[in-house]
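See structure below.
The values are calculated or read from the model by the stated rules, or taken from the named source; none is laboratory data. Keep in mind that what you see is a predicted model, and the values were worked out from it rather than measured. Because the Cβ atoms are built from the backbone with ideal geometry, glycine has one as well, and the counts that use them run over all protein chains shown.
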Amino acid sequence: MTEGTQKRQLGVSRPALEIADLPTPEEVFKVPRIGTKELFKFAVGPSLIALGISIGSGEWLLGPQAVGQYGFVGVGWVILVSAILQTFYNVECSRYVIATGETPVVGWGRVPPGFLLWVPISVFLVIFAFIAGGWAASAGQGLYALVHGELAPSGAEEPRLWAIALLFLVFLITAAARRVSRALELANWVMVGAILVALLLINVFVVPFSQWWDAIVGFVTPAAPPAGITATQLGGLAGFTALASGLNWYVMGHYRDKGYGMGHRVGFIAGLRGERTEILASGVTFPDDERNAGMWKRWYRLLLVDMWGVFFVGAMLGMLLPTILMNRAVELSGERPTQENVPTFVASALGGEYGQGMFYGALVLGVLILFSTQLGIFEGMVRVVTDASHATSPRLRALIEGDPRRFYYPFMFFLMVVISIILHFALPISLVQWSANMSNLGALIYPFLLMYLNSRLPKVARPRWWHYLFLVLNFLFFGFFFVNFIADTFGEPLVTF
């Protein structure tokens, strides 16, 4: 950018970015200063939406199933490495959002050869990975057990009906909001907080200290995977530890709606109770000057607190606490979880040992965990398609008269119908493992797209060299598991244990 110009071209095939100063955090959050109270009351938020998704998929289903069957050693390090790599990846995705106000699905359209390739592919991958509805079906199983006081018989229809009802509840939550992202944040403050506190209390009550120590040691002990586990199972565990590996970007757009950095200049998706808002079709970035360099550093520090201080810590606790509880449940019951019963296995085992109160308490906890995932994934799919369509189609923008809600809510209802049909076709855990391994596919693509985009941001916002190294490690780690998944699906796996 040369002095005096009003736009900066970033990449290809998309309009140039407008130029404006970064807002101050105080301006965005309408407070006189950002102290500790203001940090958690106003600035922390997008990480909670991501954390609500993560705790239900990998942490409550795939992680406990793997540990319940094979123990901590040889499994735990996969969890730790995945969480670290994904948090680095999340920061890089969010870097672009904060610096431009564009959500990642829109930003991908700036990477050669352009939006006609990358935007449709990205929308397809997110829908293809998550539309199977395993998270919804698992929540339905837990709710059935909570209502009837017993596990659902194999092939029962009622759990699927409960899953559909919970999808409709997501629709109602977003419709009742003034600003959709804020409603999701508040819901996850309640749910994630209750989940972690309840898990901690139950674990303190029922799990011996020796098992806590075994789990912690298992996380940091490099060891070969245990005999009998498949690389496809490990790939599912890696993909859904923390969030969704290479597809994590589909949640990072909430930093725009939160108003982080240039997101404040671009707009947000309002709920039906909110006032009409418009989202700019193209982003806004800031000039390379001393004032904006200092402001960028402030926003970047807030991002690091949100991601490393809330998301990473919460994801590790969210994996540690359910896995040691599952390990204890296996010990108490003398059985191991299967794909059919893992959503309700802990409740059944604890109920047999500690009575019906513990049974129902564990079921409520499981439903809460799985619903937090359902809320984030379902809304995230709708959000990605809305952002992509709104940004790339002038005809659609004219049709909806600049109000993205006119696309967002009809598409959410349509997607609810489609998922309601699909979740009838397989066991919930099979569907979740499918989604997790499809998430790993994203790691073969998006780290390199991020390198392209972030290297062209204003100088102060560009990553340091070692950030690129972590993006390459994401490609190698998660990409291996996806390649193995394909080999296993259509022939022989690359490795066996």
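Have a look at Gly259, Gly263, Gly246 and point out the one that is among the small types (Gly, Ala, Ser) and either on the phi > 0 side of the Ramachandran plot or modelled with pLDDT under 80 (or both). Don't jump to the end; show me each part of the working.
On the way: Gly263 fails: either on the phi > 0 side of the Ramachandran plot or modelled with pLDDT under 80 (or both); Gly246 fails: either on the phi > 0 side of the Ramachandran plot or modelled with pLDDT under 80 (or both).
Among Gly259, Gly263, Gly246, only Gly259 is among the small types (Gly, Ala, Ser) and either on the phi > 0 side of the Ramachandran plot or modelled with pLDDT under 80 (or both).
Among the residues of segment 442-497 satisfying the criterion of being aromatic (Phe, Trp, Tyr) and under 30 Å from Pro287 (Cα atoms), which is surrounded by the most Cβ atoms within 10 Å (Cβ to Cβ)? If you could, list the steps in order and put the result at the bottom.
Of segment 442-497, the ones aromatic (Phe, Trp, Tyr) are 446, 448, 452, 465-466, 468, 470, 475, 477-478, 480-482, 485, 490, 497.
Narrowing the set further to residues that are under 30 Å from Pro287 (Cα atoms) leaves 446, 448, 452, 465-466, 468, 470.
Working: Tyr446: 27, Phe448: 14, Tyr452: 15, Trp465: 6, Trp466: 9, Tyr468: 17, Phe470: 18.
Per the stated criteria, the residue is Tyr446.
Can you tell me which residue is farthest from Ser389 (Cα to Cα) among those in segment 279-291 that are assigned to a loop (DSSP other than H, G, I, E, B) and over 25 Å from the mean Cα position of the chain (by Cα)?
Just the residues of segment 279-291 that are assigned to a loop (DSSP other than H, G, I, E, B), to begin with: 279-283, 286-289.
Imposing the further condition that a residue be over 25 Å from the mean Cα position of the chain (by Cα) reduces the set to 286-289.
Values: Phe286: 25, Pro287: 28, Asp288: 31, Asp289: 34 Å.
Per the criteria, the residue is Asp289.
Please verify whether Ala223 is part of a loop (DSSP other than H, G, I, E, B), touching a residue at least 40 places away in the same chain (Cβ under 8 Å) and either among the small types (Gly, Ala, Ser) or in contact with a helix residue (DSSP H, G or I) (Cβ under 9 Å, 6 or more places away or on another chain) (or both), treating the condition exactly as stated.
Values: part of a loop (DSSP other than H, G, I, E, B): yes; touching a residue at least 40 places away in the same chain (Cβ under 8 Å): yes; either among the small types (Gly, Ala, Ser) or in contact with a helix residue (DSSP H, G or I) (Cβ under 9 Å, 6 or more places away or on another chain) (or both): yes.
It is true that Ala223 is part of a loop (DSSP other than H, G, I, E, B), touching a residue at least 40 places away in the same chain (Cβ under 8 Å) and either among the small types (Gly, Ala, Ser) or in contact with a helix residue (DSSP H, G or I) (Cβ under 9 Å, 6 or more places away or on another chain) (or both).
Could you check Asn474 against (1) more than 14 Å from Gln86 (Cα to Cα); (2) polar (S, T, N, Q); (3) part of a helix (DSSP H, G or I) and say which number it fails?
(1)
Could you please give the count of residues in segment 303-314 that are more than 14 Å from Leu243 (Cα to Cα) and surrounded by fewer than 19 Cβ atoms within 10 Å (Cβ to Cβ)? Show your work before the answer.
Of segment 303-314, the ones more than 14 Å from Leu243 (Cα to Cα) are 303-306, 309.
Filter once more, keeping what is surrounded by fewer than 19 Cβ atoms within 10 Å (Cβ to Cβ): 304-305, 309.
Residues in segment 303-314 being more than 14 Å from Leu243 (Cα to Cα) and surrounded by fewer than 19 Cβ atoms within 10 Å (Cβ to Cβ): 3 in total.
Taking Gly357 as meeting all but one of (1) in contact (Cβ under 8 Å) with a residue 24 or more places away in the chain; (2) surrounded by fewer than 21 Cβ atoms within 10 Å (Cβ to Cβ), write down the number of the exception.
For Gly357, the exception is condition (1).
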